[in-house]
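Input: a single structure, listed below in structure tokens.
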Amino acid sequence: MKKTRLIVLLIFTAAVICALSFSFSSVADNTSPVLYRNDTKYTITEYPVEVKDGTVYAPVSFFVGLNGIEYEFDRKNSSFYLRNKSTGRFFSFSFNVEGIVVDNTFTTIVFPLMNSTVYLPLETCADILSLKIEKIHDWGIDRIRLSDGSEKLTFKELIELYDPSEGPDDPSVINPVDPNNPNPDLYADRYLYITVESDGGNGCEEILDILRDWGKKATFFFTPEGIKNNPLTVIRAFAENHSIGLKCSPEELEEANRTLYEALGFCSRLLRLPDSYDLSEKEKKELNEKGYVLWGFTKESTAPEKNTWAVARDLYNSTFINDITVLKLTDEEYNGKVLTQILYFLSDDKYITARVIEPTTPEI
């Protein structure tokens with residue numbers, strides 16, 4: 001029976017070449033929609049949604065795990081099989097074939113290959129599997145939700161949860177192009193350094209998850225207690241290519257670096273002093289002679305009683321004012337929401353480059 005489902009169709013040798021050369025629009029293209037699945041937002045940067053000739057394509061993994069959907073993959077034949085257990089409708093296809101079997105009927109459909117995974121035409125496959133598609137266009141963005149009937153939130157509630165706003169009367173993000181001065185060089189070379197002060201607890205793990213999903217890097221200034229009590233979190237931050245610094249007083253440096261060396265096998269020369277620490281010019285010179293680079297910040301996330309969307313908007317708008325912005329976040333829960341919104345703003349911005357702080361980065 002399984003062999004019947006995973007029918008090896010007539011081989012079209014040009015199919016793989018066609019799939020590999022399939023031209024997608026950029027994920028940063030304004031026409032690329034944001035995907036949601038049941039009550040979550042799809043933000044896996046390795047396999048972003050793609051659009052070709054008006055057709056939305058989603059990676060096969062987007063369909064896996066939905067309630068009532070049976071999924072099989074035959075490695076030997078590179079064949080895929082998806083079926084709605086309730087209705088019995090199914091489709092199967094292979095990397096080696098330019099087509100698809102839908103309910104035992106062959107149909108010619110191109111399945112493009114990107115990032116070593118196969119992409120499916122979203123609406124076509126949702127229809128075959130009897131999954132619900134919802135669409136909303138707001139703030140100039142197309143949003144699509146795929147549901148299997150187990151969702152608890154309405155689509156509007158889901159969007160508000162992940163992309164909160166204060167509505168149309170709230171001041172929007174400023175336009176990076178000044179209509180009175182259309183010279184694009186005016187807004188060139190803007191840099192944003194995202195820094196996180198952390199004790200390595202659960203809030204830090206959440207921020208690491210957010211940065212991973214958006215494919216962005218940050219600079220983490222860990223406290224000595226955080227390194228000692230949560231070494232695995234520090235190791236994860238380092239393993240995911242974030243820059244590692246210390247948040248402590250000069251008196252704590254030796255012990256902090258000793259603890260860091262036990263966890264990572266190296267010492268950090270990036271230092272941020274505790275708030276309100278009064279460093280004399282002599283102490284600063286001594287630290288610089290030892291190779292430490294002192295990093296403050298130019299913008300800080302404000303108190304959580306403010307709307308997180310408004311906080312993120314204000315911080316993001318400030319990046320157009322200065323050539324370099326050093327953003328300070330803590331690992332408190334609300335800062336994760338602020339960071340998510342800032343990364344959303346940055347995802348479609350060609351004027352601002354996000355960077356991490358390195359030991360050789362000059363002090364601001």
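Every number here is computed from the coordinates shown, using simple stated rules; none is lab data. Note that the structure is predicted; figures quoted are calculated from it, not measured. We place every Cβ from the backbone using ideal geometry, glycine too, and count neighbours over all the protein chains shown.
Would you order 280, 32 from fewest to most other beta-carbon atoms within 10 Å of each residue's own beta-carbon? The most exposed by this proxy come first: 280, 32. Normalising by residue count, region 184-355 has a Cα convex hull of 122 Å³ per residue.
Annotation for region 211-251: GluC sites (Glu not before Pro) lying in DSSP loop with at most 15 further Cβ atoms inside 10 Å of their Cβ are 240. Sorted ascending by nearby beta carbons within 10 Å, beginning with the fewest, 246, 287 become 287, 246.
Per-residue Cβ neighbour counts within 10 Å put 148, 278 in the sequence 278, 148, beginning with the fewest.
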